[in-house]
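Where a number appears in this text, it was derived from the coordinates with a stated rule and is not lab data. Computed from a predicted structure; not experimentally measured. Neighbour counts are summed over all protein chains in view; Cβ atoms, including those assigned to glycine, are modelled from backbone coordinates with ideal geometry.
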Amino acid sequence: MPNQDQAPRVRTRFPPSPTGALHLGGARTALFNWLFARHHGGEFVFRLEDTDRERSKAEYVDSIMGAMDWLGLDWDQGPFYQSQRFDRYREAIQQMLDRGRAYWCHCPPERLDQVRQEALAKGGKPMYDGHCRDLGLGPAPGAVVRFRGPSGGETAWKDLIKGPISFANSELDDLVVLRSDGSPTYHLAVVVDDVDMGITHVIRGDDHVSNTPRQILLYQALDSPVPQFGHVPMILGPDKTKLSKRHGATAVVDYRELGYLPEAMLNCLARLGWSHGDQEIFSRQELVELFNLEAVGRGAAVFDLDKLNHLNAHWIQQADPGRLADLLPPFLAARGVASYDRDTLVKAIPEIRPRTKTLVELADWAEPYLVETPALDPKAGAKFLVPANRPVLERVRGLVAELGVEAPQAMEEAFRQLAEDLGVKLGGVAQPVRVALTGRTASPGIFEVLAILGRERSLARLDRALSAING
Ligand code: GLU
């Protein structure tokens, strides 16, 4: 038997509506709930709020799950689908009717409209006037069920992020829980689900603050313990306006395609509102260890692509080269590089990645080592593959033929000697060789380039450059 005195095990949830892709805001909400559950050794529940049949689509369910999977936000229970739980919602509504916590309302739409207009004209809120509250009505065509709210007092909670919040109950009208078509409303479904799924902490965007008092009243009407709430401030763009398409990609999966690593995305999302001193870099494990709601700020968070780039560069630098090689094929294919030697790629990655911020850039930097004949940057060719550089390239060809590429120290010695003989700086030797080997003027150190390409390919490229100069 569990000890009754023990606090219930932490259980959080992420309940997106599958009416679009998972956006940064939703992903951050999912992450905070996941981290809170993992930090407390609790459970994370995944639920799809798909009661809007018109707008909910199976493809969005797939894409949301794909994004969660990419971020590694695994759930312990679910996915639950609200669309499969209508019987349960109706049962809960019946329970409320039986206990006098809800009532049938027969007011026709025209009357409701008139009540609203009158309230607005008096400068009040457009609220239902409770006309059917005490009429003792039963079901009828076109009738709805309304929750019977308290007429006085206030509904308050201590928000885990925003502190104490309260609403006067007179501000909250008797909300519909069952529509005339027999479908439950959003508030009812959310509360019944959170009760049934044993949710202890509701962490969600602060656009839901005004829903919370209504939902608290519903928990009470169902004689169920009220969970704790934490409302996370919204996310703004760098210009301090609400984050939107104007600020760039908004869907999480877009960032995957733009070449971001999930650990960078996770790191970035965690820092949208949460902080730990001035630390910026967090591994998944560290986040699980350190995450708490006390350190979620009350002010809006700002999403900054430069920061994400910085984090991505860091995590690319940390990643296992073999794993990066496994992630690169789509980015290489987008450049027309379909078949190549994987070992060469794995060998190149540690050398090229210090200069890259995304997998798109990594693919760009990798290309010259993977293709048979790298594209020649015309400017670089015109400047460096010229007759004046023929002696340099000929002598380097000789060195590579003689020394191979496995002895960088000997090769470096030889390059220095060669520069001295020719009366140029080391760059005067390295740069034409770099262009001959990669087609570009920027690359890792020339000895690393030789090592990545290997003896035979290096010789072939030097030969090709020489015959271009000669021809
Ligand atoms: N389905 C709601 C949404 O996507 C979530 C509501 C909640 O967290 O309670 O905004």
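Each label was represented as a point 7 Å from its Cα along the Cα-to-Cβ direction; for residue 228 and residue 286 these points are 2.5 nm apart. Each residue of segment 270-278 is assigned a 3J(HN,Hα), and the resulting list reads 4, 7, 7, x, 10, 8, 9, x, 10 Hz, derived from the Karplus form 6.51 cos²θ - 1.76 cosθ + 1.60 (θ = phi - 60°), x at Gly and Pro.
Restriction of the trypsin sites (Lys or Arg not before Pro) in segment 49-111 to DSSP coil positions whose beta-carbon has at most 12 other beta-carbons within 10 angstrom yields 53, 55, 99. Distance between the modelled labels on residue 55 and residue 309, one decimal in nanometres: 3.4 nm (7 Å Cα→Cβ projection).
Placing unit charges on the Cβ atoms only, positive for Lys and Arg and negative for Asp and Glu, gives the chain a dipole magnitude near 820 debye about its Cα centre. Against the empirical curve 2.2 N^0.38 Å, the C-alpha radius of gyration of segment 34-145 lands at a ratio of 1.56.
The residues packed around residue 321, meaning those with a beta-carbon under 9 Å from its beta-carbon, carry a net charge of +2 if Lys and Arg are +1 and Asp and Glu are -1. The three principal axes of the Cα atoms in segment 160-314 give end-to-end lengths of 52, 33, 28 Å, sorted in falling order.
Charge dipole (Cα centre; +1 on Lys/Arg Cβ, -1 on Asp/Glu Cβ; no other charges) of segment 1-65 amounts to roughly 180 debye.
Note on residue 240: aspartates and glutamates with a C-alpha under 20 Å away, same-chain residues under 8 apart excluded, are 206, 207, 304, 306. Assuming R0 = 41 Å, can you tell me the calculated FRET efficiency for the pair residue 394 and residue 326, based on Cβ-Cβ distance, to the nearest 0.05? Plugging the Cβ-Cβ distance into 1/(1 + (r/R0)^6) gives 0.55.
What angle, in degrees between 0 and 90 and rounded to the nearest 10, separates the Cα long axis of helix 86-98 from the longest principal axis of the Cα atoms of the chain? Once rounded, the angle reads 30 degrees. Helix-only arithmetic for the chain: the sum of -39500 (n - 2.57) across DSSP H runs with n ≥ 4, divided by the residue total, places the mean residue ellipticity at 222 nm at -14500 deg cm²/dmol. Sequentially through segment 252-269, phi angles give Karplus couplings (6.51, -1.76, 1.60; θ = phi - 60°) of 4, 5, 5, 5, 4, 6, 7, x, 9, 8, x, 5, 6, 4, 4, 4, 5, 4 Hz, Gly and Pro residues having no value and appearing as x. Put in order of Cβ neighbour count within 10 Å, fewest first, the listed residues 266, 175, 188, 120 become 120, 175, 266, 188.
Using R0 = 51 Å, the C-beta based FRET efficiency linking residue 207 and residue 375 works out to 0.55.
Summing +1 for each Lys or Arg and -1 for each Asp or Glu among the other residues whose beta-carbon sits under 11 angstrom from that of residue 195 gives -3.
Note on residue 413/residue 459: beta-carbon distance plugged into 1/(1 + (r/R0)^6) with R0 of 22 Å gives a FRET efficiency of 0.65.
The local environment of residue 214, defined by Cβ-Cβ distances under 11 Å, has a net charge of -3 under the rule Lys, Arg +1 and Asp, Glu -1. Cysteines in the chain that lack a partner Cβ within the 4.7 Å cut-off: 107, 268. For the pair segment 241-312 and segment 355-395, the centres of their Cα atoms are 36 angstrom apart. Summarising the label geometry, the points placed 7 Å from Cα in the beta-carbon direction at residue 258 and residue 275 lie 2.4 nm from one another. Placing unit charges on the Cβ atoms of the charged side chains and taking the dipole of the chain about its Cα centre, the candidate lying farthest along the positive direction among 104, 273, 200 is 273. Computed on the Cα trace of the chain, the radius of gyration divided by the Kirkwood hydrodynamic radius gives Rg/Rh = 1.18.
Once the Cα atoms are used to define both axes, helix 186-196 deviates from the longest principal axis of the chain by about 80 degrees. Candidate cross-link partners of residue 245 among the lysines, defined by an alpha-carbon separation under 30 Å and a same-chain spacing of 8 or more, comprise 57, 162, 307, 357. Bridge orientation summary for the chain: considering DSSP beta bridges with both residues in this region, about 55 percent are antiparallel. Couplings 3J(HN,Hα) for segment 429-444, derived from phi with the Karplus relation 6.51 cos²θ - 1.76 cosθ + 1.60 (θ = phi - 60°), are 8, 5, 5, x, 5, 4, 5, 4, 7, 10, x, 10, 9, 10, 6, x Hz, where x marks Gly and Pro.
Please determine, in degrees from 0 to 90 and to the nearest 10, the orientation of helix 342-352 with respect to the longest principal axis defined by the Cα atoms of the chain, where the helix direction is its Cα long axis. Tilt relative to the chain: about 90 degrees.
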